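What follows is a set of notes on a single structure, which appears directly below.
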Amino acid sequence: MPLLAAAGIGLSCLFGVQSARAHHLLPYHQLDCSPSFPCPEEIHRRVDFWIMVFREWGKEIAIFHDPLVPERVFRILDTGSGCGGKVRSRIKANYQDIRNDLRALAANLDAGKPITDEYQRHLLELFPGGRTSEIRHSAKDIRCQTGVREGFEEGLKRFDRYVGLVDHVLAENNLPADIRYLPFVESSYNPRAYSKAGAAGLWQIMPATARDLGLEINATQDERLDPDAATRAAARYLVDATHRLGEVSRQKQPGIAAETINPFVITSYNYGVNGMRRAIQSIGPDYMTVLNRYKSPSFQVAVKNFYASFLAARHVAKNADQYFRGVVPPSQDQVVTVMLQNATSMERIKGVFGVSEDELRPLNAPLTRFVWNGWRLIPAGYRLQLPARATGWDAEIKKLAALPPEQDVPGGDTYTVRRGDTACGIARALRVNCATLISANSLGDRALIRVGQRLLIPRTPTRTAAVATTGDAATATTTWTVRRGDTACGIARRTGVDCKELIRVNQLGRRARILVGQQLVIPGTDYVEANIAGLNAENEYVVQKGDSVCGVASRFSVSCPDLLRQNGLNRQSVIHPGQKLAIPGFATPATTETAAALAAQPAPVDEGAVVPSKRDPAPLAPDNQLVNLLDTLPDLGIRVGSQSGKPVYFIYVEVDETLGHYADWLGIGGSRLLRQLNGLRPDSTLRLGQRLKFPEITAETVSRFEQKRTEYHQVLSETLKENYQLTGIESYTVQSGESLWDMSRRLGFPLWLLYRLNPELRYTGLSAGRTVKLPQLTAI
């Protein structure tokens, strides 16, 4: 259960960086270790390496070193971009150059030749004893590390703002005070930090772990970005890890000192408490023995260096005056907190208080893109942060309280496209059909949209039965419930009728005034036939209590045999509430190609297309289509089967989901019932693609569950788009011993995006030598 993907650890040169062949033996640092966090002698040189990473080397520096013996630094190079993708070819060339030098050194030693070259003499100093087998083994695995001096310095500036909160929560939970230095490793004390792997906030908490720690991630809020809530969640994890790792350590070694367990607790924050328990059970509760002897595919470089990097961060922060002279924390913005009594739109907040989004956004980091884009209201009870002012906000607060409630999903008949938007992302957030939105705006097969473009939002009307005043047969008419922002002609334009005719039929008068909640009759039947109500956003019908297959067919004016055939049913099949039926003639909207199809197709060269360079191992799709990849969600619906004539409800587990999420979305409280239904023990973990049974539920519960599940995954996608741009797709050959989680953190991408690019991995898993598609993400 790893909590985080540490947000940046790097290097710089002690003796200058102009020459790649300078002498790179690390200096020694006098470590002042505390009783709570011991510094075994064997780990000192590893800590020295990370001290240099934090205090000496900047972001332009690339450091080539041995990942198992990090203090073994082969080369330091000023690339201008560290080890970043912009200098990838240069990094690869240096990898090969160092490998050749090491192999040449080993060959000269085997041949008994004297080592006269200055650089080879430096390399030899890195291998006391000069064992050629060790030199050749080191040549096989070389790691590049980017320096982070600037990031650590920024963290020192933020430290004073948040350390009081952190110290208070640590003391409240009887945790060692020195844990205050852990956020330097995690996020450089940045409460808005977001890693490529999907970890967020001051404590870099992963989405699945957030639910277990009591943090909410939903359409409106991501509490990982709330410093107070995240710090309390991290403390809950650390208290639990201390208890569980102490318990297993005492089983192996009764009477073990509490401080002996702390290095395992810190390492578990990166590796997960279950992984650390297995290591202690296998090797015993001696930290350095575990570090040197424990073998597991997931116990890799980042994990082995985590405690050393924590000790290094502690040392550098405690000696900041020596390493960072003149660091002046920025003045802290004074804020006023307003508890919202009602759900409120961001537009209303900006209007009432007269503050801009640029002023509000840094103060309200937990609010999601759904809120800032106007897709959802800020929930009631949210503690809104406003910039303080001399005159206060009393008058505005009273004005806000006096305004009438707003509707659940804001939005009128248009929406202005913002950076990172896609047609289907907008449609899903505003709960409208994506195919209809694309059609209404003539967006074409690829649904291309541009920032600043105004889109019509085709709100689905409600179909009702009415008896015609002429003729004997009942015919269908359509009504439209007026929403905030609607206009008579806007409704007419979206429903394909003449505006004057709509005004005449509804007797709206010359000024065509309409009121929110008013029912308008939509004249004519053409629109009714093309937009029958009862379909969800995927153009499927959700079965209600009392429905029959042929009854549904009659409702949509299609033949019952065709409906049965399209859904793989027969006349003996029983349908159940919540089950979804595809209706012949109402195709599921193929608004964006699947991720796999997009990844494979060649890129047309046009305005806004990203043209692949010769070095790119895989073609790139146009930029807008790459963004569409992020909004191509998997099937998140509840499946409905039948057993002995009774409905069986089930889902397939997706990445970043837990039993706690399912219990919340179903509204059943705790997860005990789900564990019982599926025979799961309290310590059981879910697997991607695992079939999970649900209790019998209503159609309304199915709808609510699917909405909340979809919003959760869309929020993860939208948050990624806020911080990174998907610039391309590359082919990658899996190395021996690599795991998906290790690749995610080391190469920088969230696991959910990897599975969207490689859906077959759900069934086959990873194997050495296999080629997979990897996303290329660039920070915005």
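Points worth noting:
- Three principal axis extents of segment 170-315 based on alpha-carbon atoms, in descending order, are 47, 32, 30 Å.
- Segment 103-207 pair-distance distribution - Cα-Cα, 10 Å bins, rounded %: 12, 28, 16, 16, 20, 7, 1
- The mean sequence distance of close C-alpha pairs (under 8 Å, at least 6 residues apart), as a share of the length of segment 627-670, puts its relative contact order at 21 percent.
- Using alpha carbons only, the radius of gyration of the chain set against its Kirkwood radius gives Rg/Rh = 1.01.
- D (Stokes-Einstein, µm²/s), Kirkwood Cα radius, segment 629-747, 0.890 mPa s at 25 °C: 148
- Longest to shortest principal axis, alpha-carbon extents of segment 307-404, angstrom: 57, 32, 20
- Ordering of 181-190, 724-733, 426-435, 253-262 by packing [mean C-beta count within 10 Å, highest first]: 181-190, 426-435, 724-733, 253-262
- Between V163 and T416, the FRET efficiency from the beta-carbon distance, with R0 = 35 Å, is close to 0.30.
- Per residue of the chain, the DSSP helices (runs of n ≥ 4 H) give a summed -39500 (n - 2.57) that works out to -11500 deg cm²/dmol at 222 nm.
- Estimated FRET transfer efficiency (C489, L673; beta-carbon r; R0 51 Å; 0.05): 0.50
- Descending by average beta-carbon neighbour count within 10 Å, the peptides 83-90, 72-79 line up as 72-79, 83-90, the highest first.
- Legend: residue pairs K580/K693; K545/K580; K140/K773; K580/K721, Cα-Cα distance threshold 19 Å; pairs beyond threshold, K140/K773; K580/K721.
- Selected from Y162, Y181, F152, residue furthest toward positive end of dipole (segment 128-193; charges at beta carbon): F152
- With every protein chain in place, segment 248-376: carbon and sulfur % of accessible area (1.4 Å): 44
- Mean separation of Cα contacts under 8 Å, 6 or more apart, over the residue count of segment 278-437: relative contact order %: 21
- All lysines inside 21 Å of K350 as judged from Cα atoms, apart from same-chain residues fewer than 8 positions distant: K398, K399
- Using the Cβ-Cβ distance between K92 and V301 with R0 set to 22 Å, the FRET efficiency from 1/(1 + (r/R0)^6) comes to roughly 0.70.
- Relative contact order of the chain, defined on C-alpha pairs under 8 angstrom at six or more residues apart (%): 10
- Cα centroid separation - segment 261-296 against segment 126-140, whole Å: 27
- Our analysis of segment 315-370 gives Rg over Rh at 1.21, with the two radii drawn from alpha carbon positions and Rh computed by the Kirkwood formula.
- Pairwise alpha-carbon distances in segment 198-253 exceed 18 Å for 36% of all pairs.
- The residue list T727, Q676, L686 was ranked by how far each Cα lies along the charge dipole of segment 674-736 toward its positive end, using unit charges on Cβ atoms, and Q676 comes out on top.
- Spacing of the modelled spin labels on Y652 and R361, each 7 Å from Cα toward Cβ, amounts to 3.7 nm.
- Point-charge dipole on Cβ atoms (K/R +1, D/E -1) for segment 96-157, about Cα centre, debye to 20: 260
- 0 to 90° range, to nearest 10: angle between helix 149-172 axis and the chain longest Cα axis: 80
- Ordering 686-693, 281-288, 333-340, 368-375 by mean Cβ neighbour count within 10 Å, with the highest value first, yields 368-375, 281-288, 686-693, 333-340.
- HN-Hα J in Hz across segment 402-407 - Karplus 6.51, -1.76, 1.60, θ = phi - 60°, x for Gly and Pro: 7, 6, x, x, 9, 6
- Translational diffusion of segment 697-780 was estimated from the Stokes-Einstein equation, with Rh taken as the Kirkwood radius over Cα pairs; at 37 °C and 0.692 mPa s the coefficient is 225 µm²/s.
- Segment 623-686 - accessible surface per residue (Å², probe 1.4 Å): 44
The values are calculated or read from the model by the stated rules, or taken from the named source; none is laboratory data. Please read these numbers as outputs of a predicted model, since none were measured by experiment. Cβ: placed from backbone, ideal geometry, glycine included. Neighbour counts: every protein chain shown. The area values use the complete protein model at the heavy-atom level, side chains included, leaving out ligands, DNA and RNA. Shrake-Rupley method; radii C 1.70, N 1.55, O 1.52, S 1.80 Å.
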